[in-house]
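Since the structure comes first, as structure tokens, the remarks are kept for the end.
The values are calculated or read from the model by the stated rules, or taken from the named source; none is laboratory data. Being a predicted model, the structure only gives us computed values, none of them experimental. Backbone-built Cβ (ideal geometry, glycine too); neighbour counts: all protein chains shown. The accessibility values were calculated without ligands, DNA or RNA, using every heavy atom of the protein model including side chains. Shrake-Rupley method; radii C 1.70, N 1.55, O 1.52, S 1.80 Å.
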Amino acid sequence: MDPELYRTCIVLLTGSLTAATTALVGSFLVLRRMALIGDAISHAILPGIVIGFLLSTQRHPLILLPAAAAAGLLTVWLIELIYRSRRLSEDASTAVVFPALFALGVLMIARIRYVDLDLDCVIFGRIEDVDRRPLVLFGTDLGPRAVWLLGIMLLLDLLLVVGLWKELKISTFDPAYAESLGFKPLRIHYLLMTAVSLTAIAAFEAVGAILVVAFLVVPAATAFLLTNRLWLMVALAVLFGLASVVLGYVLASEAVLNSQGAAAMAVAAGLLFLLVWLLAPHHGLLAAILRRRRLRLRFAEDLVLLHLEQAQTRQEICQTLQERLRWSDRETERILAALSRRGWLSCDDYSVRLTPEGVQAVAELRSRYPA
Amino acid sequence: MSWLPEGIVLQGLAILGTTCGTVGCFALLRRQNLLADTLAHAALPGICAAYLLTGDKDLPVLLLGAAVSGTLGVWLVLAIVQTSRLKQDAALGIVLSTFFAGGLLLLTYLQNFPDGNQAGLNTFIYGQTAYLREEHVRWMLGISVVLLSVVAVFYKEFKLVCFDPDYAQTLGLRRRVLEFLLAMLLVLTVLISLRSVGVVLTVGLLTAPAATARQWTNRLGSMIVLAAVIGVACSWLGAVWSQNVPLTPAGPAIVLTASVVMLGSLLLAPQRGVLAAWLRQLAHRRRVRLENLLTDFYRLNEVRHDWEQPRNLVELAEVRGQPEEVVRRTLHDLEDAGLVVETDDGWRLTQQGLQEAARIVRTHRLWELYLSRRLDLAADHTHRDAEAMEHALTPELVAELESALENPETDPQGKPIPRGKPLSENQEGS
């Protein structure tokens, strides 16, 4: 195979695996309002990564994964410990714990000075270079390590989400009910946190510690704006993740920006979010604005209809509304025009009359607002 | 090489510590620490864009860019929360990660240019405390003087907005304006700390000193002063550490120092500290244990009004339902306090012990009576509550109870309520 094509395939495969894996757990993070716990974990696993790395310079998954899980759980446990002691708010305890652990990780990296573990790589990842780090087992080159790691993680996350689907669902939406059913939401909480830590470490080699957050949170949040069904949200989150990987790859290619792949993918995810936020059919910004405008017009029409009985001529109507509601003549004219477009009014330059449909509409209004 | 960092670095850190401590207090009280984190990340694309547009690496230009994109980020967070169904955490996560990624994208894009002199820009990601130059410190000083004077001028208003924003509004304060001012303080503080400790650690420097100070005081004024002092002290300590231990970057050293100090304060602070609370609890439990055993003596002897009757370990352990070992320990504690004495047939209350026991039983029975008369609780439902209250009621409250109940003689079960003084008469009479 053409080496350039092979590289492209590997980068896209790594990106896609990252996106799918993170979207699976990220959806639950967003629904549980724990997006920032994901952020904290992804920063705070840094010491775990370094320790795992010290134990095995080959970054053997069997050593790296438990180290990361331990660091991630330590983070969550510490944050909750401080928060539960009621001496600091949840916000503040998060903001104390993860910078401290991150600082510890940076200090460790600075002291080790190992070529393959520089800070840039850990924080930003080098998705372009994944094909240069093979997984070697018993002297056989099995292909890129990151792909293996992410593949395993995807399987584990799938197992978790599919296997515990109803437990996750109930404990996410109604923890008290889950408790009463005997589902042990706390155990599920820590299970999910373990999954987030493992996923974050599997992804960090490709996209780095900070950008993991983009993959965890942004596609899931985008999907959340489009649907009320959990399975559809998870599926859409995976799709948005995949789309941002492809989009980001193109954006970062030599022909366009010639820059960092993982960052471009995260930016692409952000752009997709922006698009959906603006245009989503129900929860989008544009839909909300249009809905509000429609309601405002509807209300204004009702007001004019209710005032029609006291006035027959255009001038009288304008005057009445001017006195009572301080409407400008132009505003009144606009509503009159809208009403005649509906066929409820017949207007000429001078007078205004209700059509039979209009009369019926007024009667209905009166019955809705009895004097 | 001296063990102290250069003077200019110390000056810069002093400014940084003071500002972060002061502004961090308001951020802590308004629960905006993670907003500060988002702000720090969101500043990066502004820094890169400013360089891209002007080709200039002067600090003010870059800071301006950072301020613009940071403010834009914060505004976006608010907009997402207000107009969509997403909550604050998701909004913060989205803005934080995509803005930071945008900055990174620009940074790597800049590397394509042959004259690519962008190398200095990533100091904003990691921070470089050791290379603070006079020009930087002058800018930091200017910004920080402005910040601190704003805090001084609007101190009262800020305080009210932090603790009771609704009340502030009813007083006619312009809440929106004040909140905007506070947000701007946060933006500027983040900006001056970015270059020194970097994107991720800025939030640590903003939070840890304020959180530490919070453990030592309940007054905002002293909290701010304390946070500023702790901020400066931790920055200097971290810098000295980094100066004297090779391969130790200063930013992480400073944040780690501040975090350790915070953790220590959580544990050791005199009033709010975890240790102090634990000791208080331990002392209270001990007192409850002693007082309970005293009342057991009283109740056993009450049957035959024989207050001098010694009681042995077995029956005391049976009444309280505790292992004999625990009861023996409690008895020795009581003996040390002079409330019981050991005799040949067991243990006997001293005069002082009898008075103390009577006082507790009195409190217990008064409370039972109060519950059944005033709250209409059934007489057999009052005991458990009174078991807890007998250790907690103060003499003043007992006196009030007594007058409220018109000096009663017996409790709901018909047992006599011992009086404070004439115990010895009772005893002589029996």
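Number of residues in segment A:154-187 that are under 25 Å from the mean Cα position of the chain (by Cα) and part of a loop (DSSP other than H, G, I, E, B): the value is 2.
As for segment B:34-41, it holds at least one residue that is within 8 Å of another protein chain (Cβ to nearest Cβ), open to solvent by less than 20 Å² (accessible area, probe 1.4 Å), among the charged types (D, E, K, R) and within 20 Å of residue A:91 (Cβ to Cβ).
The residues of segment B:1-42 that are farther than 20 Å from residue B:179 by Cα, among the hydrophobic types (A, V, I, L, M, F, W, C) and in contact with a Leu (Cβ under 7 Å, 6 or more places away or on another chain), listed by number, are B:8, B:9, B:15.
Just one of (1) of a type outside the set (Asp, Glu); (2) in contact with a helix residue (DSSP H, G or I) (Cβ under 6 Å, 6 or more places away or on another chain); (3) assigned to a helix (DSSP H, G or I) fails for residue B:301. It is (2). Residue under question is residue B:292, and the condition is that it be within 27 Å of residue B:384 (Cβ to Cβ) and either at the interface with another protein chain (Cβ under 9 Å from one of its Cβ atoms) or surrounded by 18 or more Cβ atoms within 10 Å (Cβ to Cβ) (or both); does it hold? When the stated conditions are applied, residue B:292 does not pass them.
When A:288, A:268, A:264, A:300 are screened for being in a helix (DSSP H, G or I), surrounded by fewer than 19 Cβ atoms within 10 Å (Cβ to Cβ), at pLDDT 85 or above and among the small types (Gly, Ala, Ser), only A:288 passes.
Residues considered: B:283, B:277. Of these, the only one that is within 11 Å of another protein chain (Cβ to nearest Cβ), surrounded by fewer than 17 Cβ atoms within 10 Å (Cβ to Cβ) and farther than 30 Å from residue B:198 by Cβ is B:277. Assuming residue B:74 fulfils every condition listed in (1) open to solvent by 20 Å² or more (accessible area, probe 1.4 Å); (2) within 14 Å of chain A (Cβ to nearest Cβ) apart from one, which condition is it? Looking at each condition in turn, residue B:74 falls short on (2). Just so you know, in segment A:232-252 the residues that are without any contact (Cβ under 8 Å) to a residue 40 or more places away in the chain, more than 12 Å from every other protein chain (Cβ to nearest Cβ) and among the small types (Gly, Ala, Ser) include one that is nearest to residue A:26 (Cα to Cα), and it is A:235.
Residue by residue, here is whether (1) away from every other protein chain (no Cβ under 13 Å); (2) not basic (Lys, Arg) holds:
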| site | (1), (2) |
| --- | --- |
| A:4 | yes, yes |
| A:15 | yes, yes |
| A:21 | yes, yes |
| A:33 | no, no |
| A:39 | no, yes |
| A:43 | no, yes |
| A:55 | yes, yes |
| A:65 | yes, yes |
| A:69 | yes, yes |
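On the stretch given as segment B:214-257, residues that are of a type in the set (Lys, Arg) and either surrounded by 24 or more Cβ atoms within 10 Å (Cβ to Cβ) or at the interface with chain A (Cβ under 10 Å from one of its Cβ atoms) (or both) total 1.
For beta carbons closer than 7 Å, sequence separation of 6+ or different chains, a first residue in segment A:100-113 that is within 19 Å of residue A:79 (Cβ to Cβ) and more than 7 Å from chain B (Cβ to nearest Cβ) and a second that is charged (D, E, K, R) and buried (at least 24 other Cβ atoms within 10 Å of the Cβ), there are no qualifying pairs.
Listed conditions (1) open to solvent by 40 Å² or more (accessible area, probe 1.4 Å); (2) hydrophobic (A, V, I, L, M, F, W, C); (3) closer than 20 Å to residue A:208 by Cα; (4) at pLDDT 85 or above are all met by residue A:81, apart from (3). Of the listed requirements (1) crowded, with 21+ Cβ neighbours inside 10 Å; (2) modelled with pLDDT of 90 or more, residue A:227 misses just one: (1).
Of all residues in segment A:42-78, those satisfying the criterion of being buried (at least 23 other Cβ atoms within 10 Å of the Cβ) and farther than 20 Å from residue A:111 by Cα are A:42, A:72, A:75, A:76. Among the conditions (1) under 33 Å from the mean Cα position of the chain (by Cα); (2) under 24 Å from residue B:231 (Cβ atoms); (3) open to solvent by less than 60 Å² (accessible area, probe 1.4 Å), the only one that residue B:136 does not satisfy is (1). The residues on offer are A:39, A:2, and the sole one that is under 29 Å from residue A:109 (Cα atoms) and among the charged types (D, E, K, R) is A:39. For residue B:100, the conditions (1) under 25 Å from residue A:43 (Cα atoms); (2) away from every other protein chain (no Cβ under 14 Å) are fulfilled apart from (2).
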